[in-house]
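Below: the structure, in structure tokens.
The values are calculated or read from the model by the stated rules, or taken from the named source; none is laboratory data. Keep in mind it's a predicted model, so treat the numbers as computed, not measured. Cβ atoms come from the backbone with ideal geometry, glycine included; neighbour counts cover every protein chain shown. Note: accessible area is taken over every heavy atom of the protein model, side chains too, but ligands, DNA and RNA are not part of it. Shrake-Rupley method; radii C 1.70, N 1.55, O 1.52, S 1.80 Å.
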Amino acid sequence: MRVWRSLLAAAALSAVLAGCGAEAPSSGTPAGSSGPWSFTDGSGQVVTAERTPTRIIAHAGEANALMSFGIRPVGIYADEPVATDPNLKDLDLDGIEILGEEWGKIDVEKAASLRPDLIVGDWWPAEKAHSGLEEGVDEKSKKLAELAPVVGVSQGKSIVELAEGYEDLAVSLGAKVDDPRIAANKQRFDEAVARFKAAVAAKPGLTVLAMSPADDQVYVANPEYAPELLDLQSWGLQVINPDSPDPAFPYWENLSWENADKYQPDVILWDGRSFTPTANAEWGAKQPTWFQIQAARAGSVVAWPAYWLHTYGDFATELDLLTAAVEAADANIGA
């Protein structure tokens, strides 16, 4: 599971771009301008090129974000099969090469054949790496960064900021963001936030805990490194902050199954990348201590869109599901 290096110097970036060329792909991405291009990466470094990139390879969520603004990559690498990836399963991917469907495994040879002039992947502050280039991936996969400059928005304090960052990147790449569909998604998101805030305000004292159970232990999400959870907190939801995140990998606090009931929330948020609420009974059968968590015993669980959201539209959809869960929740389960 993700709970998942460095940028090239400006001169090296220009050399790569000159070697790769920057032909406009048949997928419809706007043609590059003849002038210089730059973008401030999530790491804080400024990535530059002699002309606007057009042949883009992107990680799944980042591809979704760019495509929502009309920028189509020539290649995509994902962390799971396209058919199940929440960012890709409903997109028109015709003409786009799929370069990987498993975390840490990217077909760099196929990627090189696409002659990319930009790689787009989120910047992960705790790992100081872009998506697909983190510690633990296949060493061959890391060679993707040798094909073109790598840039991405930081997985920081808010999904709203993440979506805005990819809108800025899309604009720098030639996107026209005055499309009525973009405005409609933003409005739908704003309305979803209003409904969520109202539901939370009607359930004072309701607590939730974001979790990801595994065979060897239970992982409790640390909102400090989960922008979607930080957004939920900023809108009033009491998302529990674990008191002992793993110092080496602070996305999570790791609990043994014997201590699975350390926290007693009213609602459990499942890691939506791997599980569904129907798996609650399955974990109870595999690990009896799971049902020592009162919310698990009561079936008070809902999927949490963990680490994958990148667009206003997807966040609006997921937020409405969370709103319904809040409205149905009992604020006294964890008392």
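Details
- Qualifying GluC sites (Glu not before Pro) for region 115-219 [loop in DSSP, other Cβ within 10 Å: at most 14]: Glu135
- Rounded to 5, the percent of DSSP beta bridges in the chain classed as antiparallel: 40 percent
- For the residue pairs Lys128/Lys157; Lys89/Lys157; Lys105/Lys140; Lys110/Lys142; Lys197/Lys262, the C-alpha atoms sit more than 19 angstrom apart in Lys89/Lys157; Lys197/Lys262.
- Per-residue 3J(HN,Hα) values for region 113-124, derived from phi via the Karplus relation 6.51 cos²θ - 1.76 cosθ + 1.60 with θ = phi - 60°, read 5, 7, 6, x, 10, 7, 10, 10, x, 3, 9, 9 Hz in sequence order (x marks Gly and Pro).
- Overall, the ratio between the Cα radius of gyration of region 282-331 and 2.2 N^0.38 Å, rounded to two decimals, is 1.41.
- Region 240-262 and region 66-114: distance between their alpha carbon centers, rounded to Å: 32 Å
- Carbon plus sulfur fraction of accessible area for the chain, probe 1.4 Å, in percent: 51 percent
- Protein-only accessible surface at a 1.4 angstrom probe places the residues Thr289, Thr317 in the order Thr317, Thr289, largest first.
- The residues of the chain present an accessible area of 41 Å² per residue when probed at 1.4 Å with all protein chains retained.
- Intensity falloff of region 26-177 expressed as log10 I(q)/I(0), Debye formula with alpha-carbon point scatterers, at q = 0.09, 0.11, 0.14 Å⁻¹: -0.24, -0.36, -0.61
- Over all distinct Cα-Cα pairs of region 189-330, the Kirkwood formula returns a hydrodynamic radius of 15.2 Å.
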